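Here's the structure we're looking at; comments come further down.
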Amino acid sequence: MKYFKILIILIGMTYLHSKNVGLDLSLVAQVPKGEFAEQEVPTGFGIDLNGLYFPVKELGFGLNLGYSVYGYSQREIPFNYFTNLVTITEKTTNELGYGHLFFRIVPFNGNIKPYFEGLVGLKNLSTKTELVSNNCTDEDDNCQIAKSTNASDTVFSYGFGGGLQVKLTTLEDEAGDPSGDLSFFINARYLMGSSAKYLKKGSIVYSEPEDGPVQTSFNWNESKTDLLQLSIGINFSF
């Protein structure tokens, strides 16, 4: 997530100093479909970024990046096996990260713009667990004790979609001259994905502490990774 934020900033700075470009920032909900839904994978929520270059007004090419969380759990556990007087928090997160190259067709140009898209790229499903000290604050950078990746699988992703963009206002430069537009948009994409091996909330099973040192086992899921992505956000066009 840290590197994703840095990448967003770098792409944003690049696009803000270019012409004939657009930048989308949105919140997304990702609803599993097909085999992915049959595995009872919950809906994921996250953020999505599109950077676009338009050689002509009706056609744009760009890069799409996104991140969502489709499962989260935490529990308090003893710091070690010999005493429960000191506890720490174990946090497990199921994440989906993705990146696509895509094109966007804008058949009409005006204050209200419908558009259509095609995408191809990769998606990664991962599960990560971290141990966090209970004796720290949100401002403390030393809360994390340890972190591990329990599962990670990257697969092919492709799909299509469409959206509606509505102009909110005209952006101006320091001299007061028009420099771009700020718009609101809604978007829907159907993103198909190859078969992946992954974990979801409840897939990690722990043995009883009374039986000795806790043993962990994984109940793996394997399926195609189709999903319907719904987005709402803002667009900057220059």
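Quick notes on this one:
- Test: residue in the range 231-238 that is part of a loop (DSSP other than H, G, I, E, B), surrounded by 14 or more Cβ atoms within 10 Å (Cβ to Cβ) and at pLDDT 95 or above: no
- Residues located in the range 44-83, provided they are acidic (Asp, Glu) and either modelled with pLDDT under 95 or closer than 19 Å to residue 147 by Cα (or both): 58, 76
- Screening the range 13-43 for residues that are small (Gly, Ala, Ser) and either over 22 Å from residue 96 (Cβ atoms) or touching an Asp or Glu at 6+ places or on another chain (Cβ under 6 Å) (or both) and picking the one that is modelled with the lowest pLDDT gives 18.
- The lone exception for residue 108 - which of (1) of a type in the set (Phe, Trp, Tyr); (2) modelled with pLDDT of 95 or more; (3) not in a strand (DSSP E or B) it fails: (2)
- Qualifying residues in the range 123-172 (those that are among the polar types (S, T, N, Q), more than 19 Å from the chain's Cα centre (by Cα) and part of a strand (DSSP E or B)) - the one modelled with the highest pLDDT: 165
For (1) touching a Gly at 6+ places or on another chain (Cβ under 8 Å); (2) not polar (S, T, N, Q), each residue gets a yes or a no:
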{"site": "152", "(1), (2)": "no, no"}
{"site": "164", "(1), (2)": "no, yes"}
{"site": "175", "(1), (2)": "no, yes"}
{"site": "183", "(1), (2)": "no, no"}
{"site": "190", "(1), (2)": "yes, yes"}
{"site": "205", "(1), (2)": "no, yes"}
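- Lone unmet requirement of (1) surrounded by fewer than 18 Cβ atoms within 10 Å (Cβ to Cβ); (2) closer than 27 Å to residue 234 by Cα; (3) among the β-branched types (Val, Ile, Thr) for residue 89: (2)
- Condition check for residue 95: more than 15 Å from the chain's Cα centre (by Cα), assigned to a strand (DSSP E or B) and more than 19 Å from residue 232 (Cβ to Cβ): no
- From 176, 180, residue being modelled with pLDDT under 90, surrounded by 17 or more Cβ atoms within 10 Å (Cβ to Cβ) and over 17 Å from residue 66 (Cβ atoms): 180
- Within this structure, residue 113 fails the test of being of a type in the set (D, E, K, R), closer than 17 Å to residue 93 by Cα and either modelled with pLDDT of 85 or more or over 25 Å from the mean Cα position of the chain (by Cα) (or both).
- Unique match (being free of Cβ contacts under 8 Å to residues at least 24 places away in the same chain and either surrounded by 12 or more Cβ atoms within 10 Å (Cβ to Cβ) or of a type in the set (S, T, N, Q) (or both)) among 194, 217: 217
The values are calculated or read from the model by the stated rules, or taken from the named source; none is laboratory data. Keep in mind that this is a model prediction, so the values were computed, not measured. Don't worry about glycine lacking a Cβ; one is built from the backbone with ideal geometry, like all the others, and counts go over all protein chains shown.
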